[in-house]
Amino acid sequence: MQIRWYHSLTLRLLLLFWALLFAVASSGFLLAIWYAQPETAKPLPQEVQETLSPLLSDQVTFSSLTPGRLLAGNYRVAAAVTPEEGPNRLQLEPNLANTHRRELLRQLDADQPQQLRLPNGMLVGPFVLNTQRILLIRPLSEDERVDQQVNSERAEQAQTMVLLFGSLLIAVLLGIWLVLPLKRLISATREIAAGAEKLHLKRLPRRTDELGELARALETAAHDLKVSRDAQRRLLSDVSHELRSPLARMQVALMLSQDDENPDANPHLTQMSRDVDRLGTIIERILSLSRLENGLVKLDPQPVNTHELAKILAADLAYVDAKYGERVLVLDADWPTTATDDELLRLVIENLVRNALQYTAGIIELDCVRHDDKHFTILVRDHGDGVPEAQLAQLFEPFFRGDPSRHHKAGVGLGMALSLRAANVLGGSVTARNHPEGGLEVSVNLPIVPMDTIIDDEPTDTEAAEQEPQESN
Amino acid sequence: MTKLLLVDDDAELSSMLEQILTKEGYQLTLAPDGEIGLQRALSGSFDLILLDVMLPGIDGFQLLQRLRQQLRSTPVLMLTARGDDDDRVQGLELGADDYLPKPFNPRELVARVKALLRRTPNTSVRPEPLEYAGFHVNPLQNEVRCDEQLLELTPTEFDILRALVQGKGQVVSKDQLSVAALGRQLAPFDRSLDVHISNIRKKIEHNPERIQTVRGRGYRLLQLA
């Protein structure tokens, strides 16, 4: 869906920023005005009036007092008004008239003499001289100037505070407004990566702006991914079916052509039979690898005691071949219990151990090191010849074999690759090194997942885990 | 003569399997697709049904589901060509007794067939009814009542439950249960027994947890308080 221009996030952000900046600026401005307001007029103190009155009575002789004229002391005339009509009825000191005309006029009308502090002086009056009413002004004393300074500083501070806290509040609001949906989108992306089809986006997809569009795009992507994953799964099972059916027929045909009494009489048939088995194994391994790589493996995390798992694995191998049982040694170590998929973890270790059983002759040690509360490493160490340093990294590549001459004796060359992919799916990694005292040592590094991350605690019930997500839909 | 039904669309494989199984002394009936397979399975009285998963028309799972609604007592061995472990588990959950992934060694198939047929109870011995933890096993009728209520069990589920009741609260190991119910030792990493147990639990109305999992060892019945 195309976003209409008036729904676009750009416009919204622009308008929001604008409105909020405007609000902060205007509130700061209003505050500044509030503090900058001149002080209210106060009644003129008695002693000032007493000092001034003789001076003023002396001036009666003057026909008129014009603004700017210096009177006694440092008092000047600020304004004068005469009762007669005429162009000179009101005379104001020009500098004061520019900045404080209103205050001048108001004070001229006052009943009693007052004093009013202005930025450039103390205004005193009105005084009545014959026919004239006059206002006087004197420069501010040092104390008064300091007081004035403090007042204007306080106004500036208030302005700064308003800007600071106002902008902080706006930043927090904007942050929440922008980051909450982003957080949700991030977790939705993680859900997609984890293979979820239904995303937890709440009302986000219904938003009309770019964030809503992104949410809808994510939903579509999740759905498309599900579809392609399903297609891949189908393809895999189809390929598997198409390859296995002829193999199954070959196997049965081989048996029919073999002599019942002495099945190994014809060595060619025996060889063919072995190769058919091998082909079957290769197909199964490739499919497992492909399922792991394409995220088609459903994880069923449950509490797994890794020591127990290693011991059961050793016992199972002993069951397969008694010689294996003698060669696999599970060491007593600090084996942790972690929430993981036990089938997959077993696959990781089993492939490594089987590999070691196949390529070496000595004892294979299974050890465990716990690094901290969150990580542990399972070590599979053999006592063979090790692997040339240059080939260590290649060990985990599909169909890689260290010694080409052993192609026929050994497995199909997919075990290590399977181990690595399975460990990756479990959130871990596999590395190999030559042990200083000889032999190859493969480390499986895995996270320790706390038990409380598991919802389903019934270990044998595979269906409960599968049904839960469907019911919540 | 023991009668087997093979439902598989792979005609060539079917005819070869027919040769092998006939040589072993079984009478094999073939069904090339799901519809015919279901019809034959319901009309004839077979001792064992071999069922392929991938079938034209209704697939092996659907067939099994519909078959189990009417016919519980015939053992079913699933032949899965798909490698997916999920498929194997799904077949067992729908009431199959055992599975064999393709390609299989024909000798292994014969062994499995024999194992599944062998544990059909021998009527010449008169087994006594058993009772424990609210389960009442009647081996003559192949019936288990749980709290007086009849449980509809497949042959494998019946054998597992009977072995557990015989254990009288002792832990019965997975291997013992596997031998008793599937006629074979449990292969390493085989979860089929867990699925069967899970199926039985689903059929028990009250307190299914009386079948207790003993981690790493097996299962046992808990006497109700």
At R0 = 51 Å, FRET efficiency that the Cβ-Cβ distance of A:LEU163 and A:GLU293 yields, to 0.05
0.35
Cα axis of helix B:155-167 to longest principal axis of chain B: angle in degrees, 0 to 90, nearest 10?
30
Select from B:GLN19, B:GLN62, B:GLN166 the residue whose mean-square fluctuation is largest in a Gaussian network model of chain B (Cα-Cα springs shorter than 10 Å).
B:GLN19
Test of understanding: ordering A:MET122, B:MET78 by Cβ neighbours within 10 Å, fewest first, what list do you get?
A:MET122, B:MET78
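In nm, what is the difference between 0.36 nm times the number of residues separating A:ARG234 and A:GLU308 and their Cα-Cα distance?
23.1 nm is the gain from fully extending A:ARG234 to A:GLU308.
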Do any trypsin sites (Lys or Arg not before Pro) in region A:213-319 lie in a DSSP loop with no more than 15 other beta carbon atoms within 10 Å, and if so, which?
A:LYS298
Fluctuation leader among B:GLY25, B:GLY37, B:GLY91 - chain B, Gaussian network, Cα springs under 10 angstrom:
B:GLY25
Within chain A, which complete DSSP H helices have Cα atoms spanning at least 30 Å along the helix axis and a mean Kyte-Doolittle hydropathy of 1.6 or higher?
A:9-36
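Per-residue ellipticity at 222 nm for the protein assembly as shown, helices alone: DSSP H runs ≥ 4 residues times -39500 (n - 2.57), over residue total, nearest 500 deg cm²/dmol?
Values: 19 runs with 334 residues, N = 698.
-16000 deg cm²/dmol, from helical runs alone.
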Rounded to one decimal in nm, the spacing of the 7 Å Cα→Cβ label points at B:ALA111 and A:GLU242 is 3.3
Separation of the B:THR2 and A:GLN358 label points, Cα + 7 Å toward Cβ, nm:
3.5
In region A:345-398, the trypsin sites (Lys or Arg not before Pro) that sit in a DSSP loop and have at most 13 other Cβ atoms within 10 Å of their own Cβ are A:LYS374
May I ask you to sort A:GLU142, B:GLU209, A:GLU93 by Cβ crowding, counting other Cβ atoms within 10 Å and putting the fewest first?
A:GLU142, B:GLU209, A:GLU93
Nearest-ten-degree value, helix B:34-43 long axis tilted from longest Cα axis of chain B:
60
Within chain B, what's the longest run with no trypsin sites (Lys or Arg not before Pro) in a DSSP loop and at most 11 other beta-carbon atoms within 10 Å? Give the range, please.
B:1-214
Quick one: putting +1 on the C-beta of Lys and Arg, -1 on the C-beta of Asp and Glu, what dipole do you get for region B:2-118 around its Cα centre, in Debye to the nearest 20?
560
Just tell me which aspartates and glutamates come within less than 17 Å, Cα to Cα, of A:LYS226; anything on the same chain fewer than 8 places away is out.
A:GLU191, A:GLU197, A:GLU293, A:GLU466
Set the Förster radius R0 to 41 Å, insert the Cβ-Cβ distance between A:LEU178 and A:ASN98 as r into 1/(1 + (r/R0)^6), and round the FRET efficiency to 0.05.
0.25
Can you sort A:PHE127, A:PHE29 so the residue with the fewest Cβ neighbours within 10 Å comes first?
A:PHE29, A:PHE127
Can you give me the angle between helix B:11-23 and the longest principal axis of chain B, using Cα atoms only, in degrees from 0 to 90, rounded to the nearest 10?
60
Residue-averaged beta-carbon neighbours from other chains (10 angstrom radius) around A:321-333:
0
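Which FRET efficiency, nearest 0.05, do A:LEU225 and B:GLU131 yield, Cβ-Cβ r, R0 60 Å?
It comes out at approximately 0.65.
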In nanometres, what is the gap between the two model label sites at A:VAL146 and A:SER26, each 7 Å from Cα along Cα-to-Cβ?
4.0
Eligible lysines near B:LYS102 by straight Cα distance, threshold 25 Å, same-chain separation 8 or greater
A:LYS298, A:LYS409, B:LYS3, B:LYS23, B:LYS114, B:LYS174
May I ask you to list the lysines whose Cα is less than 22 Å away from that of A:LYS183, ignoring any residue fewer than eight positions away on the same chain?
A:LYS198, A:LYS202
The answer for B:THR29, listing residues at least 5 apart or on another chain whose modeled amide H is closer than 5 Å to its amide H, is B:LEU4, B:LEU5, B:LEU6
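Every number here is computed from the coordinates shown, using simple stated rules; none is lab data. Fair warning: this is a prediction, and the values are worked out from it, not measured in the lab. When we count neighbours, we look across all protein chains shown, and the Cβ atoms used for this are built from the backbone with ideal geometry, even at glycine.
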